[in-house]
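Below is one structure, written out as structure tokens; the observations come after it.
Just so it is clear, none of the values below were taken in a lab; they were calculated from the coordinates. None of the values given here were measured: they were computed from a predicted structure. Cβ coordinates were reconstructed from backbone atoms using ideal geometry, including for glycine residues, and neighbour counts include every protein chain displayed.
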């Protein structure tokens, strides 16, 4: 942990929050993840040992508490009052990033596991869907073993499967990672991508026409980008 040697509250907060991955761990907890593996699914490039260390750090500082589970289980992590108070802070940073940071470098190497996990926790079960509704995503440019993903809407819950769950597929979407990410983040219009067949959708016409309702978009998709000449740039990945 970096120590700045200042009484400034910003410096003190930075000592706690500005270690690599820390804010993203907090983001996962704010988004409702509680189990170690569940938190890890939202951070697929973070090593499990580092995740364990960061969770211990957050417990030590008083931002996270750990509730032991039944013997042989990992238990659950929960934000304390101080941790939950970071919600508006994390949201404000994310909004700033959506508005001001040039997105192009982030599209050069997309982690399909994070994209699908982010979609899974933001898609919206709607009344017009059947009791069980299955969507198959096929990404031709994803790594071997990660090209197909299934979202299963069942009784108000949504599950993400990396292997065929054996259900009848209601909608089949074929696209590439760049297009899906652009649409999901609000950087490209969904209807335009479907119309241009950059997203090839097959299945019930009614379900496809209502895709905007059940697919939804990222919680940041409504934040407009600043003009290109005003944006800041991250280093290429």
*Just round it to a whole percent: the fraction of Cα-Cα distances in the stretch 3-133 exceeding 24 Å.*
39 percent
*Sorted from fewest to most neighbouring beta carbons within 10 Å, what does the list 31, 81 look like?*
81, 31
*Would you mind computing Rg(Cα) / (2.2 N^0.38 Å) for the stretch 1-68, counting N as its residues?*
1.14
_Using alpha-carbon coordinates, inclination of helix 48-61 to the longest axis of the chain, degrees_ = 50 degrees
*Which value results when the Cα radius of gyration for the stretch 109-215 is divided by 2.2 N^0.38 Å?*
0.98
*Compare the peptides 156-166, 215-225, 174-184 by average per-residue count of other Cβ atoms within 10 angstrom and give them in order, highest first.*
174-184, 215-225, 156-166
*How high is the FRET efficiency between residue 232 and residue 53 when r is their beta carbon distance and R₀ equals 35 Å, given to the nearest 0.05?*
0.70
*Run the numbers on the stretch 1-113 and let me know its relative contact order in percent, using alpha-carbon pairs under 8 Å that are six or more apart.*
21 percent
*Taking N as the number of residues in the chain, what is its alpha-carbon radius of gyration divided by 2.2 N^0.38 Å?*
1.11
*Computed lengthening from residue 102 to residue 15, 0.36 nm per intervening residue step minus Cα-Cα distance*: 28.6 nm
_If R₀ is 35 angstrom, what is the calculated FRET efficiency for the pair residue 84 and residue 208, using the beta carbon separation as r and rounding to 0.05?_
0.35
*Can you give the calculated 222 nm mean residue ellipticity of the chain, where each DSSP H run of n ≥ 4 adds -39,500 (n - 2.57) and the sum is split over every residue, rounded to the nearest 500 deg cm²/dmol?*
-10000 deg cm²/dmol
*Which order, highest average first, do 45-55, 130-140 follow once you tally other Cβ atoms within 10 Å for each residue and take the mean per peptide?*
130-140, 45-55
*Taking 0.36 nm per intervening residue step and subtracting the Cα-Cα distance, what contour gain separates residue 31 from residue 8 on full extension?*
5.4 nm
*Potential extension, residue 225-residue 168 segment - 0.36 nm per residue separation minus Cα distance*: 16.6 nm
